[in-house]
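The values are calculated or read from the model by the stated rules, or taken from the named source; none is laboratory data. Since we're looking at a predicted model, the values are computed, not measured. Cβ coordinates were reconstructed from backbone atoms using ideal geometry, including for glycine residues, and neighbour counts include every protein chain displayed. Accessible surface areas use protein heavy atoms only, side chains included; no ligands, DNA or RNA. Shrake-Rupley method; radii C 1.70, N 1.55, O 1.52, S 1.80 Å.
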Amino acid sequence: MKSSINDITAFVAVARAGGFREAARVENISASRLSDAIRRLEGELGVRLFHRNTRSVVLTEVGMVLLERMNPIMSEFDSALDMVNLYRDKPAGKLRLNVPVSAVKLILPAIVPAFLEAYPDIELDVTAESNVINIIDAGFDAGIRYDERLEQDMIAVPIGPRQQRYALAASPKLLDRLGRPTHPRDLLNYPCLTGRFRSGVANTWEFEKDNDTIDIKVSGPLVVNIGSAVDLAVDAAVAGTGVIYLFEEWLQPYFDSGQLEPILETWWLSFSGPYLYYSGRRLVPTPLRTFIDFIKDMDKE
């Protein structure tokens, strides 16, 4: 049995992406070609590798076993091809990153344009989402997370500012109407714009002052998905709909313009900045190594 490496690669791509459309986007080929490849592979193996319907694509039991065996093989395959980079004048290849939406908004804009200008032969593929995933199983080279969510056996490299804060703000007209809170517990009497993770868990607003930490479960007229819908909450805050709790850097332009007013600033929670992380058990591909060196050099400047 001599299954085509292209068909096997298509299987791994679809399995990692969780569907044909996303795999086609990542691999830059048509979904129909991927579908044909999977049909050929299933026909040759004599088993179904995916349960498919109009709404989902899910690995069968034998599909999961095959993917588990293929992951280390594909990693070695990619590493072998990456050796070609040693003979190039400039690094080349694809670098896939999985990052939170906050990193796309606050961290990567200061890095990506300069990196791609310096290394035009590297293709950067960034997926932004709020849910925590296993980046290796999903086919990513690296991810960005905050330290409390880093997985074991991962190497972490600081990226972006090393200290950040959650800010609390509202429009001046809302504060003129309702008054300005003097303590976090006052927020229980204010309309608040809250966020919810994909898991359904709502985020808790945390505050600290003089070693006193307070968690407040607020409520209000708008709940948004943490990540992709946060800008809607910002727009609502500017319009006077409610109080917002978000990264200080995200809200800073609205502070500068006067559209939002910072409140309870002495209670704002500080936390350490994010990290680029990647597996310590795999060979680091050249595009990722180049990116790591680039952000380390930026920190020295």
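Figures for the structure shown
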quantity: Phi-based couplings in Hz for the range 42-56 (Karplus 6.51, -1.76, 1.60; Gly and Pro marked x); calculated: 5, x, 6, 7, x, 9, 8, 9, 9, 8, 10, 9, 5, 10, 8
quantity: Per residue, in Å², the accessible surface of the chain once ligands and nucleic acids are set aside, probe 1.4 Å; calculated: 54
quantity: Accessible-area value, residue 261, 1.4 Å probe, nucleic acids and ligands omitted, Å²; calculated: 50
quantity: Surrounding net charge for residue 32, when Lys and Arg each add one and Asp and Glu each subtract one, Cβ distance under 15 Å; calculated: +2
quantity: For the range 163-301, diffusion coefficient by Stokes-Einstein and Kirkwood Rh (Cα), 20 °C, 1.002 mPa s, µm²/s; calculated: 127
quantity: Ordering of 25-31, 283-289, 196-202 by packing [mean C-beta count within 10 Å, highest first]; calculated: 283-289, 25-31, 196-202
quantity: Whole-percent carbon and sulfur share, accessible surface of the range 99-151, 1.4 Å; calculated: 51
quantity: Two-decimal Rg to Rh for the range 152-204 - Kirkwood Rh, Cα set; calculated: 1.14
quantity: The range 174-301: antiparallel DSSP beta bridges as a percent of all, rounded to 5; calculated: 50
quantity: Heavy-atom accessible area ranking, 1.4 Å probe, most first, across 299, 212; calculated: 299, 212
quantity: Beta bridges by DSSP in the range 1-147, antiparallel share as percent, to the nearest 5; calculated: 25
quantity: Gain in span if fully extended, residue 132 to residue 78, counting 0.36 nm per residue against the direct Cα distance; calculated: 17.0 nm
quantity: Largest-first ellipsoid semi-axes for the range 1-78, taking √(5λ) over the Cα gyration tensor eigenvalues, angstrom; calculated: 17, 15, 13
quantity: Pairwise label distance in nanometres, residue 203 with residue 216, each label 7 Å out on the Cα-Cβ vector; calculated: 1.5
quantity: Carbon/sulfur fraction of accessible area - the range 1-69, other protein chains in place, 1.4 Å, %; calculated: 50
quantity: Net length gained if the chain between residue 28 and residue 300 were fully extended (0.36 nm per residue, minus Cα distance); calculated: 94.3 nm
quantity: DSSP-assigned coil residues among trypsin sites (Lys or Arg not before Pro) in the range 94-193, each with at most 16 further Cβ atoms within 10 Å; calculated: 162
quantity: Spherically averaged projected area of the chain from its Cα convex hull (nm²); calculated: 19.2
quantity: Per-pair calculated FRET efficiency, R0 = 35 Å: residue 189 and residue 163 via Cβ, rounded to 0.05; calculated: 0.65
quantity: Rounded to 5, percent antiparallel among DSSP beta bridges of the chain; calculated: 65
quantity: Spin-label model distance (nm) - residue 69 vs residue 94, 7 Å beyond Cα toward Cβ; calculated: 2.5
